[in-house]
Amino acid sequence: MTPITLKNLRQWKLEGKKFASLTAYDYSFARLFAEQDIPVLLVGDSLGMTMQGHDSTVPVTVDDMVYHTRHVRRGAPNVLLLTDLPFMSYPTLEQAGHNAARVMQAGANMVKIEGGAWLADTIRYLTERAVPVCGHIGLTPQSVNIFGGYQVQGKTEAQAEQLLNDALTLEAAGMQLLVLECVPISLAKRITEALSIPVIGIGAGAHTDGQILVMQDVIGITSGYVPKFAKNFLADTGSIALAVAQYQRHVQDGTFPELAHSFKG
């Protein structure tokens, strides 16, 4: 795989070429995903639940993110690698800068932060200091204690307008990529078309520019609650490599996600 950059993702959006991405937390899986030409990997703070056994992402630390980012980068040197800044690691501009520098020096190509228009100053601050930023709106897992659980966002017209405004405000501040989680299909389409930057969906329907899933969901080893947007690709393929390849192919040809994996408005 030749190195993947934001320039590639922007070009794919212009061409209408959809792309698949996955979370990764270690060297071995990162290498396997890279061998299947998955162009974008995310070291997600979802590791708090999938790798550490917590009931939310809140306990995850910057040290955790640095540790896993180093290993994923070794396994996948040419992917576009995103790393989450975890809960309360960017409450001030200075803390955002310090913690972003740590994960970038560990191997990330860009950081991902959760929240709406209030993050505009943070995005501007980081971008001016050579840190590319991926935003994350809709269902933001770090806010689980505010939401009172993992619930679909943007179901009312007022909520939808707020999320669209958030997306536009953050793009204007310098955001270069957006993850849109658990919103109705129609709203995801509206936001994707309104932005010039690529939009990656999870539980947001098939109209976004790219898709992302937690790796455990793709290979069917999710324990407990299985999200509506998840699909076990291993069940039909018999090997992890083939499961990842099928996921990639189905995203590219638009057959995943289906309506069964999405939310109506």
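Laid out as a table, the results:
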quantity	calculated
Filter result (of a type in the set (Gly, Ala, Ser) and within 15 Å of Ile200 (Cβ to Cβ)) within the stretch 17-31	Ala20, Ser21, Ala24
Verdict on Ile185 being modelled with pLDDT under 95 and out of contact with any strand residue (DSSP E or B) (no Cβ under 7 Å at 6 or more places or on another chain)	no
Counted residues, the stretch 204-232 - those being at positive phi and out of contact with any helix residue (DSSP H, G or I) (no Cβ under 7 Å at 6 or more places or on another chain)	1
Residue in the stretch 222-240 that is among the aliphatic types (A, V, I, L, M) and either in contact with an Asp or Glu (Cβ under 9 Å, 6 or more places away or on another chain) or not in a helix (DSSP H, G or I) (or both) present	yes
Qualifying positions in the stretch 221-238 - closer than 17 Å to Ala20 by Cβ and small (Gly, Ala, Ser)	Ala230
When residues of the stretch 113-150 are limited to those that are part of a strand (DSSP E or B) and in contact (Cβ under 8 Å) with a residue 40 or more places away in the chain, the one farthest from Leu93 (Cα to Cα)	Gly138
Members of the stretch 164-186 found to be of a type in the set (Ser, Thr, Tyr) and buried (at least 17 other Cβ atoms within 10 Å of the Cβ), listed by number	Thr169
Residue tally, condition touching a residue at least 60 places away in the same chain (Cβ under 8 Å), in a helix (DSSP H, G or I) and crowded, with 18+ Cβ neighbours inside 10 Å, over the stretch 33-53	2
Candidates Arg190, Arg249 - the one that is basic (Lys, Arg), part of a helix (DSSP H, G or I) and farther than 30 Å from Trp118 by Cα	Arg249
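The values are calculated or read from the model by the stated rules, or taken from the named source; none is laboratory data. These numbers come from a predicted model, not from an experiment. Counting neighbours? That spans all protein chains shown, and the Cβs are built from the backbone with ideal geometry, glycine included.
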